[in-house]
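Please read the structure below before turning to the comments.
The values are calculated or read from the model by the stated rules, or taken from the named source; none is laboratory data. Everything numeric here is computed off the predicted structure, so don't read it as measured data. Neighbour counts run over all protein chains shown; Cβ positions are idealised from the backbone, glycine included. Just so you know, the surface numbers come from the protein's heavy atoms only, side chains and all, with ligands and any DNA or RNA stripped out. Shrake-Rupley method; radii C 1.70, N 1.55, O 1.52, S 1.80 Å.
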Amino acid sequence: MSRRPIRILIVEDSAAVREFLTQVVAGEPDFALAGVAEDGAAGVAAAVDTLPDVILMDANMPVMDGFRATRQIMERCPTRIIIVTASFEPSDMRISMQSLEAGALAIVEKPWGPGHRDHERSLRRLFETIRTMSEVEVVRRWPARETVPAPAPAPSRPPGYRMVVMGASTGGPRVLAQILRDLPHDLRTPVCVVQHISPGFIEAFVSWLNDECPLTVEMAKTGLRARSGHVYFAPDDMQLGFAETGELRLTRDPPVCGFRPSISHLFGAAAEIWAGAAIGVLLTGMGRDGAEGCRRLSQQSAPIIVQEPASCAVASMPLAAVAAAKSSLVLPPDRIGAELRRLVGMEVDHADP
């Protein structure tokens, strides 16, 4: 029995781009056009009316931009939304990053037209993203799925942690922003992060986060001595790890679980260099990247925090990590920041849950 086509709604203000994307969708046998809309407000109405499987959402549009449209759709009829942008202007990238925080699953560049040297590559990336995101079971702005019980937390120990490593994939930008906002500017450890995101967008995400949270957020660089109160993100197509002397180290080591940068590579490097003095945090995502890294950290008696599956856009990475690291502590995003502050011996506000 053949699977029904993936129904796609296109929300785009440019008539030429709308026509191009319409032809692209029509040309794939497993895609079907659910509708088109020329601005965000019309896109919200079309989403409610057609209930598509996937929405291709422009960022900068008249009447209502992609961020506000994404937020309204995720509140009214949760749907898989992919932000599709051709502009790397700061204003457009801010709208794109806000859309990811509001619940969009992914961000990709608009495919180039026929004749451009990157035409085929950009189409393949768009098609792969649509097909991958269409497999996501539930996408909610406020999740309501049943959770997996949290294992008992590991016994507390005197503050002595020297590194926090985090990993996230699908749905991660919103959760990372929430957690990093909950951490103080003088956090007593550095934080190193791998976020799976489409090539070309990580620097814009890092720049946006630097404006959104108290810590200093920047791109990792080889030889950089990680500083407390700073957050370092792995760049595109590079593995992030550590030199024997503790400095950050970027390499072209092979992909792990199909990813470069890989969460498991980062976590494994932390286990090797920092041993039990590292803290691992594994967040929402599709696949198994991070599970092996969590297992290696747990062998060093390092604390592992895993995002509660019910709060994830996609729960397969956290579920794999819980199975791999039996001592992991499962928490919703709004409690992870407070737990990190507790682990490093910093005061937790009484208002924290």
In Å², rounded to a whole number, the accessible area per residue of the chain with probe 1.4 Å is 42 Å²
Mean separation of Cα contacts under 8 Å (at least 6 apart) over the residue count of the chain, i.e. the relative contact order in percent, is 14 percent
Toy charge model, Lys and Arg Cβ at +1, Asp and Glu Cβ at -1: the chain dipole around Cα centroid in debye, rounded to 20, equals 980 debye
Rounded to the nearest 5, the percent of DSSP beta bridges in the stretch 211-324 running antiparallel is 40 percent
Across 5 Å bins beginning at 0, the whole-percent shares of Cα-Cα pair distances in the stretch 163-236 come to 4, 17, 31, 29, 15, 4, 0
Of all chymotrypsin sites (Phe, Trp or Tyr not before Pro) in the stretch 1-103, the ones in DSSP coil with at most 16 other Cβ atoms within 10 Å are 88
DSSP beta bridges in the chain: the antiparallel percent, rounded to 5, is 10 percent
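Quick check of the Kirkwood formula: for the stretch 202-283, what is the inverse mean of 1/r over all pairs of different Cα atoms, in Å?
After inverting the mean inverse Cα-Cα distance, the result is 13.3 Å.
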Within the under-9-Å Cβ sphere about residue 233, not counting residue 233, Lys/Arg +1 and Asp/Glu -1 give a net charge of -2
The long-range amide H neighbours of residue 242, using H built 1.01 Å from N in the peptide plane and a cut-off of under 5 Å, are 249
In whole percent, the fraction of accessible protein surface over the chain that belongs to carbon or sulfur atoms, probe radius 1.4 Å, stands at 50 percent
Burial-style ranking of 119-125, 232-238, 94-100, average other-beta-carbon count within 10 Å with highest first, yields 94-100, 232-238, 119-125
In Å, the Kirkwood hydrodynamic radius from C-alpha pairs for the chain sits at 20.7 Å
Between the modelled labels at residue 244 and residue 63 (7 Å from Cα along Cα→Cβ) the distance in nm is 6.4 nm
For the stretch 263-353, inverting the pair-averaged 1/r of distinct alpha-carbon atoms gives a Kirkwood value in Å of 13.1 Å
Given a Förster distance of 30 Å, the FRET efficiency implied by the Cβ-Cβ spacing of residue 116 and residue 227, rounded to the nearest 0.05, works out to 0.10
FRET efficiency for residue 22 and residue 251 from the Cβ-Cβ distance with R0 = 41 Å, rounded to 0.05, comes out at 0.45
Ranking 85, 115, 248 by how far each Cα lies towards the positive end of the charge dipole of the chain (+1 on Lys and Arg Cβ, -1 on Asp and Glu Cβ), the top one is 248
So residue 342 and residue 125, fully extended at 0.36 nm per residue minus their Cα-Cα distance, gain in nm 74.0 nm
